[in-house]
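None of the figures in this text is laboratory data; all of them are computed from the coordinates on show. Remember, predicted model here, so these are calculated numbers, not experimental data. In this analysis, Cβ positions are derived from the backbone assuming ideal geometry, glycine residues included, and neighbour counts consider all displayed protein chains.
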């Protein structure tokens with residue numbers, strides 16, 4: 001596959017040369033980057049040299065593996081090709097596509113775009129900024145195309161077969177255009193941020209922008225999907241001028257033109273062709289300047305700020321935890337989660353999104369008016385629990401994972417304390433605030449009668465956390481490198497946990513439905529007992545550090 | 001300063017650099033000739049690595065003129081870097097690769113054919129006693145082994161000018177002797193070595209010329225003998241302390257040890 005990519009690249013060598021790019025260097029860099037992506041970074045133990053002799057070829061799951069989850073999702077796109085109104089249908093398909101590409105750009109490829117390690121290694125050799133920038137871009141495009149391929153191959157084939165060759169070709173062309181647009185838009189946002197800020201402040205701003213973009217994409221996606229009210233789709237969808245602000249609609253328009261439509265669709269189709277081309281042209285022009293700005297990320301900032309004396313989070317930890325060692329890990333985890341930018345980038349969007357999940361579930365019901373909302377809908381609050389498996393999975397990652405040698409060299413004893421301290425910290429620091437916001441909204445919606453249910457939901461989610469810990473692979477916190485490329489992991493376990501989470505909701509629902517007096521209160525009391533046992537003994541399994549990090 | 005034959009390899013004229021309000025270099029004038037081993041020393045934050053980064057084109061936005069290998073850096077071309085070797089202080093390296101892959105890659109970027117780069121890399125690594133780990137991943141290497149890879153990577157393309165930042169860090173005593181001898185012989189072949197380090201004994205022994213940077217200015221420039229003749233006494237370490245105005249090391253050490261031994265239990 002690597003060879004195939006390079007062969008394909010060779011076809012464009014003339015184009016690169018004409019753009020003033022050192023194609024030989026570009027090819028060498030891209031080749032070595034692809035090789036590195038296929039390698040699994042060494043874990044802590046291997047880095048200290050305790051493990052078996054490492055060899056160069058230790059392939060991870062190939063970066064070119066088909067993402068079956070995306071293939072599955074692409075099946076859901078196919079029906080939209082057959083909507084009566086093809087403009088609306090294709091706009092919907094491109095909404096999905098832009099959402100997935102955008103999310104991947106921000107969470108997985110930002111590190112490629114903003115990599116500062118390339119600079120001391122490559123720029124000290126006779127490689128100019130434009131070539132390095134282009135090499136990075138090609139590297140990103142290869143992956144973005146692969147991701148996109150998982151997502152669009154089936155719909156594309158369907159388009160060719162059922163909608164004709166013309167529609168298929170237009171679809172293919174647009175996929176390329178939208179990929180270019182996504183890359184250059186992301187680069188434009190970064191360029192603006194890089195121009196505006198300096199030093200440490202710059203790194204924080206990039207982090208915030210990424211989080212905001214990720215959440216924005218999720219919300220934008222939800223809005224777009226709801227915009228197309230399916231009941232009216234059959235009747236034909238007439239976009240007004242303000243729909244020009246929604247790029248997916250541009251890409252839907254050419255299909256209507258193919259079917260002989262006209263009018264405003266011409267304007268949209270023009271946008272679909274011209275704006276991506278323009279943005280790509282600008283992107284290539286600005287590459288050297290972009291590379292120049294990226295170097296600002298290596299500059300250190302001024303003096304750090306000392307934290308204020310009042311630290312409510314630590315007080316909570318001190319109240320709940322007696323062992324001084326566990327307290328130490330609780331505080332350490334709190335500090336790491338607050339400071340590690342890559343961690344924040346991966347965690348915040350998904351945790352923030354979990355706050356919205358219950359309301360998405362209720363959306364159709366909410367449309368009917370608040371009065372139609374029976375108290376049972378309150379159990380949708382369980383939806384916030386979706387964040388917990390993600391949180392615990394990400395807890396084991398760090399961009400400085402090699403520093404985890406400290407676990408093995410300090411007199412630590414049982415690793416259960418490390419795990420419990422860190423899990424508790426992630427729950428209190430990241431999950432609790434989000435849950436609290438959702439809970440307040442639910443209290444406003446459902447009134448005082450919801451209080452016992454709220455308590456039971458909270459206790460269930462606490463118990464669910466321990467279940468997650470037991471089912472997910474146990475790794476020491478912050479001891480593994482972030483996986484390159486797609487960040488989806490532990491798919492099977494997460495699926496199992498979703499079933500368990502639903503079961504929690506189901507039990508709660510059953511107990512409410514049974515209608516015994518005080519049933520929910522009794523449920524809560526039982527949950528308190530179970531929580532006590534689970535939190536006390538659930539973390540004892542892993543006896544020492546080596547066993548825990550050996551897998 | 002001894003006048004050497006040939007054109008200056010490096011020529012800095014009134015080079016100034018600042019990050020925001022922080023002035024790092026306040027006017028550096030320096031000419032370096034072929035065959036010199038420059039020991040570039042100075043306290044932390046004196047601007048040593050900034051100087052080197054400027055000459056490598058890693059940083060821009062300086063004032064004054066920088067010429068490296070007869071090429072004025074202001075014109076922005078990267079071709080002159082083909083004759084430079086660089087060992088950075090922070091050993092940034094693509095460490096999921098094996099030494100064979102990394103060295104071949106570096107050689108290719110300098111325009112070598114892959115098979116030539118691979119052959120030469122293997123030959124040089126063997127001389128460092130590393131043939132057995134040539135195909136192991138660099139992230140399994142010890143610090144000294146990494147340093148050897150960095151050294152080989154910087155020399156593969158037979159450069160005329162070497163920038164070395166703490167090149168001996170992590171090496172064992174035997175390897176240190178080899179590398180010191182390599183540097184001396186390379187200089188004798190007419191190559192120029194620009195060497196920055198904090199280890200004064202080494203700088204004293206291997207440098208043909210010592211340049212001391214202090215607070216953005218060149219505070220001293222000359223051979224070790226010349227520095228001593230200027231009235232400074234004792235070892236280079238003492239000269240360094242004198243010129244940077246630092247005399248309290250004994251007092252600070254005493255208070256430090258005292259603090260270590262305080263018992264809070």
What ranking do A:117, A:474 get, fewest neighbouring Cβ atoms within 10 angstrom at the top?
A:117, A:474
Please report, in cubic angstrom per residue, the volume enclosed by the convex hull of the alpha-carbon atoms of the stretch B:10-259.
157
Rounded if a/c is under 1.5, else prolate if a/b beats b/c, else oblate: with a ≥ b ≥ c from the C-alpha gyration tensor eigenvalues square-rooted, which is the stretch A:1-40?
oblate
Helix-only estimate, please: 222 nm mean residue ellipticity of chain B, summing -39500 (n - 2.57) across DSSP H runs of length 4 or more and dividing by its residues, to the nearest 500.
-10500 deg cm²/dmol
Residue among B:164, B:213, B:109 with the largest mean-square fluctuation in a Gaussian network model of chain B, springs linking Cα atoms under 10 Å:
B:109
Would you mind classifying the stretch A:114-177 by shape? Square roots of the alpha carbon gyration tensor eigenvalues, ordered a ≥ b ≥ c; an a/c under 1.5 is rounded, otherwise it is prolate if a/b is larger than b/c and oblate if not.
prolate
Simple SL model, points at 7 angstrom along Cα→Cβ for residue A:361 and residue A:82; separation in nm is 3.2
What FRET efficiency would be calculated for the residue pair residue B:255, residue A:188, taking the C-beta separation as r and a Förster radius of 45 Å, to the nearest 0.05?
0.25
At 1.002 mPa s and 20 °C, Stokes D of the protein assembly as shown from Kirkwood alpha-carbon radius, µm² per second
70
How big is D for the stretch A:316-549, in µm² s⁻¹ as a whole number, if Stokes-Einstein is applied with the Kirkwood radius of its Cα pairs at 37 °C and 0.692 mPa s?
175
Hey, any idea what the orientation-averaged projected area of the convex hull of the stretch B:107-149's Cα atoms comes to, in nm²?
3.1
Most mobile listed residue (B:104, B:50, B:96) in chain B, GNM with C-alpha springs under 10 Å:
B:96
Nitroxide proxy distance, nm - points 7 Å out along Cα→Cβ at residue A:271 and residue B:22:
4.5
Roughly speaking, what is the centre-to-centre gap between the stretch A:373-406 and the stretch A:260-282 when only Cα atoms are used, to the nearest Å?
41
Footprinting exposure proxy for A:344, B:81 (fewest neighbouring C-beta atoms within 10 Å first):
A:344, B:81
Residue separation between residue B:14 and residue B:262 times 0.36 nm, minus their alpha-carbon distance, gives in nm 84.3 nm
Order of B:95, A:115, B:75 - criterion: other Cβ atoms within 10 Å of each residue's Cβ, fewest first:
B:75, A:115, B:95
Protection proxy (average C-beta count within 10 Å per residue), highest first, orders B:133-140, A:422-429, B:195-202 as A:422-429, B:133-140, B:195-202
Extension gain, residue A:540 back to residue A:500 (0.36 nm per residue minus Cα-Cα distance, nm)
12.2 nm
Taking the alpha-carbon centroid of each part, what is the distance from the stretch B:4-73 to the stretch B:238-265 in angstrom?
32
Using a simple spin-label model with points 7 Å from Cα along the Cα→Cβ vector, what separation in nm is obtained for residue B:181 and residue A:292?
4.7
When DSSP beta bridges are limited to those with both residues in the protein assembly as shown, what percentage is antiparallel, rounded to the nearest 5?
55
With 0.36 nm assigned to each residue of separation and the Cα-Cα distance removed, residue A:172 to residue A:111 gains 19.2 nm
Average other protein chain Cβ within 10 Å of Cβ, residues B:49-58:
2
